[in-house]
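These notes are about the structure you will find just below.
Just so it is clear, none of the values below were taken in a lab; they were calculated from the coordinates. All values derive from a computational prediction rather than experimental measurement. Don't worry about glycine lacking a Cβ; one is built from the backbone with ideal geometry, like all the others, and counts go over all protein chains shown.
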Amino acid sequence: AQAQLREAQKMEAIGQLTGGIAHDFNNMLTAMIGSLDLMRRKLESGRVYEVGRYITTATASAERAAALTQRLLAFSRRQALNPRPLDVNELVCSMSDLLERTLGDAIQIRTVLDGQLWTAYTDSNQLEAAILNIALNARDAMPAGGVLRIETANVEATCGTGGSADCAPGPYVLIALSDTGTGMDARVLNRVFEPFFTTKPVGQGTGLGLSMVYGFVKQSGGHVRIDSEGGSGTTVRLFLPRFGADAGAGGAQAQPTS
Ligand code: ADP
């Protein structure tokens, strides 16, 4: 019965999601049809010089619709995972220029890296994209500036109280990103992993960032935990499987081939 309930809830979420997309798409088509219709009328009445602005409106709607389908495509064609043994500290260091440029002068970056960090087993490109997504959210949550702290550590997850529900016990390489931004209330926090859930203005948020982060980390055999409170900032923790650990602990992993 429990599984059935979960399945029903999942179907409901998918229904809401597709309903929302269909609604947005329909609005864009309606605007295009309206503009084309007006254009035809202007042409019929010989007022050719008035057609330009309807072309502009129709083009803008078509571009919005194209951007929406691009995002849908990017989301559905999630890249295949290509996991390898990875030094997460090295990846974080290699991203420092990019992160500084992305976050701007008002946000300070502090990195606290564990010198004895275990080797992780994950896809470095996708981890880089995940870190960038999390940093972009941190930037948006700190419009007046603040601090983004990036920390790495070895953790032996026991998954007791306070652990995330989908945590499997075992050794993980942790990367934690904490911001001093606006934080989230429980209502937002509950929905952050939902594809297309965003609180940002149209054109600014896609609502795909954290759902991609979640998908990638789960696929790697790890888990994600987010702690946040309105007013006091947000911490996103990625628990990545340790290289060479038991498959049962951190998910399936191939052995080194060399
Ligand atoms: P997007 O950034 O496009 O909105 P995400 O999936 O990355 O999509 O995030 C979903 C929502 O979660 C955001 O719109 C925002 O409300 C909230 N959120 C994510 N990260 C943070 C953060 N660091 N601080 C405050 N809110 C956040």
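Considering only 26, 49, 65, the residue lying farthest towards the positive end of the dipole of the range 23-75 is 49, judged by Cα position with unit charges set on Cβ. Treating r as the C-beta distance of residue 57 and residue 185 and R0 as 30 Å, the FRET efficiency rounds to 0.20.
Here the scattering of the range 110-192 is modelled by Debye summation over its C-alpha atoms, one equal scatterer each and no solvent; at q = 0.14 Å⁻¹ the log10 of I(q)/I(0) is -0.62.
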